[in-house]
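Notes for the one structure printed next.
The values are calculated or read from the model by the stated rules, or taken from the named source; none is laboratory data. Please read these numbers as outputs of a predicted model, since none were measured by experiment. The area values use the complete protein model at the heavy-atom level, side chains included, leaving out ligands, DNA and RNA. Shrake-Rupley method; radii C 1.70, N 1.55, O 1.52, S 1.80 Å.
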Amino acid sequence: MYYRLNGVTQRLTGASATAYSPQGLRPAAAPQSPPVIFATPTKVVSEAGSQVEYLGANKVPAMQKFFQISDGVPVHLKKGLMDKLLYRTTMGLTVGGVLYCLVALYVAAQPGNK
C-alpha cells in the first residue's frame, strides 16, 4: 500500500493502488558528451620520454639543508631581516589588538551616565 500526505489534515493517508508518478519526469535519454573546452593536444607518457620539463632549478634540497642547520635561530626567523620584520609586526599587532580589546571591555563595563 502507498501513502500520500493529505494537504488539509497534514497526515498520511492511504493512496490508490498505483505509486505516485509525477508528470515532470521523462525517461532517460542517451547522454551526449559535452564539447571540449580546452582542445590542446596532450602528450601520452610514452611520447614524453624520460625528460621532465621544469621551469627552474629544484631548490628544495638546498632549502632543506639551510633550514636544518642547528644555529639556535628559530625556523620562522632563518631567512633574515624580512622574516624578523614580519614577525615583529605580527607580534606588535597582536599585542595592540589585545590591549584594544581590554580597553573596549573596560569601557563597556562602566555604568552609563543618566
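Observations on the structure shown:
- Sequence-ordered 3J(HN,Hα) estimates for region 81-87 from the Karplus curve with 6.51, -1.76 and 1.60 and θ = phi - 60° stand at 4, 5, 5, 5, 5, 5, 5 Hz, glycine and proline given as x.
- With DNA, RNA and ligands ignored, accessible area of I69 (1.4 Å probe; Å², nearest 10): 90 Å²
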